[in-house]
Amino acid sequence: MCAQGAWSALGLAVLFAALLNLALVSTFVWTDWLPWGVGVGLWTIVAALWVVSTLWGSPGDRFPGTSVEDDGETTPFTEAVDHYLKGNRFEAEHLLGKLLNEDPRDAEARLLLATLFRHIGRFDEAATQLQWLLRLESAGKWETEIQREFKLLDRARHDSPDRSEEDETEQAREPSQDDHDDVVHAA
């Protein structure tokens with residue numbers, strides 16, 4: 001397998017492109033280059049390859065695990081995200097803690113935990129999680145989100161004294177659209 005697909009798919013695509021170009025050139029540019037029967041056979045092969053590659057490329061059939069339908073399996077991380085979005089912050093924190101106990105280098109879990117801590121006003125713990133993330137090699141792909149979370153944390157710390165206790169309690173109970181956006185960035 002290559003980075004995002006199979007080598008056989010690349011080979012089929014190259015073969016198709018070469019045969020299509022050969023058929024086009026022999027039909028429209030150098031019309032006397034190939035006999036008529038060979039040209040018809042070439043177009044037949046091009047059409048057959050097109051049909052085969054279209055059928056082979058239907059969603060979910062090419063590679064295991066790429067099915068369009070949801071397989072119904074949930075992972076502890078997806079459960080934690082689900083709890084976070086539903087406002088069950090204690091359950092989300094518990095699941096994320098278990099994930100990080102099993103694998104302290106789980107960047108996605110650590111980023112979601114930092115976001116959770118920021119939302120419930122545990123700013124120092126959020127900053128600690130973000131500092132951990134900066135040291136993880138696997139967190140490189142989340143660099144933009146980590147920097148965004150640092151900015152949101154600074155803003156939350158700055159705005160914290162102005163917020164009333166009722167606002168904090170309300171925010172701890174009900175997830176906002178920002179919660180959903182944060183999870184989309186973390187997942």
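Here are some notes:
Results for (1) closer than 30 Å to Arg89 by Cβ; (2) modelled with pLDDT under 65; (3) out of contact with any helix residue (DSSP H, G or I) (no Cβ under 8 Å at 6 or more places or on another chain), shown as yes or no for each residue.
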| position | (1), (2), (3) |
| --- | --- |
| Ala23 | no, no, no |
| Thr27 | no, no, no |
| Val40 | no, no, yes |
| Thr44 | no, no, yes |
| Thr74 | yes, no, no |
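- Leu100 vs. criteria farther than 16 Å from Ala156 by Cβ and touching a Pro at 6+ places or on another chain (Cβ under 9 Å): no
- Answer from Thr144, Thr128, Thr115 - the residue that is touching a residue at least 60 places away in the same chain (Cβ under 8 Å) and not aromatic (Phe, Trp, Tyr): Thr115
- In the stretch 71-121, the residue that is surrounded by the most Cβ atoms within 10 Å (Cβ to Cβ) out of those that are among the polar types (S, T, N, Q) and assigned to a helix (DSSP H, G or I) is Thr115.
The values are calculated or read from the model by the stated rules, or taken from the named source; none is laboratory data. Values in this document were obtained by computation on a predicted structure and should not be read as measured data. Glycine gets a Cβ as well: all are built from the backbone with ideal geometry, and neighbour counts include every protein chain shown.
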